[in-house]
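Asker: There's a structure below that I have some questions on.
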Amino acid sequence: MTRHAPYGLMILIAAQLLCAVFFLGDVVADGLEAGWPHFMDWHFGVEALAALALIAGVGFEIRTLMALLRREAHLKEQLGLAAGAFHEIVTQRFADWGLTPSEQDVALFTLKGLAIPEIATLRGSAEGTVKAHLGGIYRKAGVNSRGAFLALFIEDLMTQPADPVPHHPTPVSPTGT
Amino acid sequence: MTHHRVWDPFIRVFHWSVVTLFFANAFVVDDDSKLHHYVGYAVAAALVLRLAWGLIGPTYARFAQFAPSPAGVTAQLSDMATGRKRAHLGHTPLGALMIFNLLLSLAGIALTGYLMTTDMFWGVAWPEDLHEALVTWTEISVVLHVVAVIWESRRTGVNLPRAMVTGIKDIPDGLQIEP
Ligand code: HEM
């Protein structure tokens with residue numbers, strides 16, 4: 001687990017973004033020059049595909065970077081009780097439920113026992129916004145109270161230290177992580 | 001809501017003059033006209049003044065105040081990744097990166113434009129090629145700049161374009177404020 005900010009990844013993204021912009025500009029210019037009938041010739045097609053592939057790659061890297069930064073931000077506030085492995089299970093659950101990044105952040109603070117006003121202060125948002133996030137979290141997790149939400153994770157917490165491979169409903173591939 | 005006077009009159013006049021002059025030369029004025037040259041000189045003069053102001057001007061105008069650090073950039077990206085919010089009184093770290101990019105690109109455009117008019121580079125192709133490449137680069141940067149300004153305004157609830165007009169940043173209560 002890195003404790004450094006992923007500078008390498010950030011620089012790679014910036015560099016590839018530059019390449020993508022130039023590449024795309026080039027493809028568009030070529031396309032405009034070639035005109036409609038030739039638009040579909042193989043040279044143009046290959047170039048366009050390559051540009052799209054590059055952009056898709058950059059998009060994927062940005063998602064990875066955001067996930068990494070989220071993880072770093074969450075682990076930084078970890079209170080010692082739960083280690084990285086428990087965090088993996090939690091994030092897996094959050095992903096299964098389709099929580100948005102903001103909801104994941106609020107859910108994690110809730111798991112750590114913070115109250116709504118505290119979460120609002122930490123996130124720089126209004127209490128009403130945090131309540132709305134909580135509503136979304138409970139709905140997606142299929143519970144209707146904070147207690148029920150916490151209970152979903154109690155089992156994980158208790159089994160975790162004794163058992164490095166979580167045997168929870170959440171599918172975790174043996175080769176994963 | 002708290003109010004913070006951050007952009008002094010010089011910065012604001014500088015910004016909107018550069019916007020007008022750049023737009024004029026890129027899209028309106030004929031490239032081969034005398035006017036194109038004068039507008040270019042005006043941009044160069046504005047940049048020289050901005051350089052001086054960045055060294056001796058008030059707090060938020062100074063380059064040293066908003067020079068971006070890797071840690072600052074990471075913190076801003078982490079805020080985006082987690083949906084957390086924090087307000088900056090001066091330029092944000094990512095905003096500052098874009099600003100240095102814009103200032104340097106504009107300086108490059110002015111310089112290569114000037115070189116094209118000198119006897120030494122008469123008929124030499126590269127100053128013109130570079131001039132045009134830098135203009136394209138700046139146009140792309142400006143689009144990103146404006147999109148980013150709108151994005152950050154919506155994300156943090158601080159109206160950045162209005163601050164560049166009035167000089168005052170209105171920061172919603174509850175936001176942690178960074179210099
Ligand atoms: C309508 C379009 C534009 C809007 C709404 C806009 C808005 C802004 C805002 C809100 C800032 C302050 C950013 C912050 O709060 O950190 C800023 C700064 C800046 N913008 Fe723009 N901008 C526009 C177009 C342009 C153009 C066309 C250029 C250059 C060609 C430009 C160059 C700059 C520069 C150099 C700064 C830094 C100001 C300084 O500290 O000297 N902007 N802009």
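Asker: Looking only at residues in region B:106-125 that are of a type outside the set (A, V, I, L, M, F, W, C) and surrounded by fewer than 17 Cβ atoms within 10 Å (Cβ to Cβ), which one is nearest to the ligand (Cβ to nearest atom)? Give the derivation first.
Answerer: Residues of region B:106-125 that are of a type outside the set (A, V, I, L, M, F, W, C), as a first pass: B:108, B:112-114, B:117-119, B:123.
Filter again for surrounded by fewer than 17 Cβ atoms within 10 Å (Cβ to Cβ), leaving B:114, B:117-119, B:123.
Values: B:Tyr114: 18, B:Thr117: 21, B:Thr118: 24, B:Asp119: 29, B:Gly123: 29 Å.
The qualifying residue nearest to the ligand (Cβ to nearest atom) is B:Tyr114.
Asker: Further question on the same structure: Go through (1) assigned to a helix (DSSP H, G or I); (2) away from the ligand (no atom under 16 Å from the Cβ); (3) within 14 Å of another protein chain (Cβ to nearest Cβ) and name the single condition B:Glu128 misses.
Answerer: Only one criterion is unmet by B:Glu128, namely (3).
Asker: If I ask for residues that are of a type in the set (Gly, Ala, Ser) and either at negative phi or without any contact (Cβ under 8 Å) to a residue 12 or more places away in the chain (or both), which ones from region B:122-173 would you list?
Answerer: Start the filter on region B:122-173 by keeping residues that are of a type in the set (Gly, Ala, Ser), which leaves B:123, B:125, B:133, B:141, B:148, B:153, B:157, B:163, B:167.
Once the filter is applied, which keeps residues that are of a type in the set (Gly, Ala, Ser) and either at negative phi or without any contact (Cβ under 8 Å) to a residue 12 or more places away in the chain (or both), region B:122-173 yields B:Gly123, B:Ala125, B:Ala133, B:Ser141, B:Ala148, B:Ser153, B:Ala163.
Asker: In region B:84-96, which residue that is within 14 Å of chain A (Cβ to nearest Cβ) and crowded, with 18+ Cβ neighbours inside 10 Å is nearest to B:Met1 (Cα to Cα)?
Answerer: Taking the candidates together, the pick is B:Ala87.
Asker: Given the conditions (1) at pLDDT below 90; (2) buried (at least 16 other Cβ atoms within 10 Å of the Cβ); (3) part of a helix (DSSP H, G or I), which single one is not true for A:Ile154?
Answerer: (2)
Asker: Report the residue count in region B:69-100 for those that are more than 13 Å from the ligand (Cβ to nearest atom), over 14 Å from B:Asn159 (Cα atoms) and not in a loop (DSSP other than H, G, I, E, B).
Answerer: Here the count works out to 11.
Asker: Right, something else. Take region B:60-83 and flag every residue that is aliphatic (A, V, I, L, M) and facing chain A (nearest Cβ under 8 Å).
Answerer: Result: B:Ala71, B:Val73, B:Leu77, B:Met80, B:Ala81.
Asker: In region B:29-64, what count of residues is obtained for those that are near the ligand (Cβ under 10 Å from one of its atoms) and over 16 Å from B:Val13 (Cβ atoms)?
Answerer: Number of matching residues: 2.
Asker: Of everything in region B:12-63, what is assigned to a loop (DSSP other than H, G, I, E, B), surrounded by fewer than 17 Cβ atoms within 10 Å (Cβ to Cβ) and not small (Gly, Ala, Ser)? Give them in sequence order.
Answerer: B:Asp30, B:Asp31, B:Asp32, B:Pro58, B:Arg62
Asker: Scanning region A:110-120 for residues that are assigned to a helix (DSSP H, G or I) and loosely packed, with under 15 Cβ neighbours inside 10 Å, which turns out nearest to the other protein chains (Cβ to nearest Cβ)?
Answerer: Filtering region A:110-120 for residues that are assigned to a helix (DSSP H, G or I) and loosely packed, with under 15 Cβ neighbours inside 10 Å, the one nearest to the other protein chains (Cβ to nearest Cβ) comes out as A:Pro117.
The values are calculated or read from the model by the stated rules, or taken from the named source; none is laboratory data. The structure displayed is predicted, hence computed values, not measured ones. As a convention, Cβ positions derive from the backbone with ideal geometry for all residues, glycine included, and neighbour counts pool all protein chains shown.
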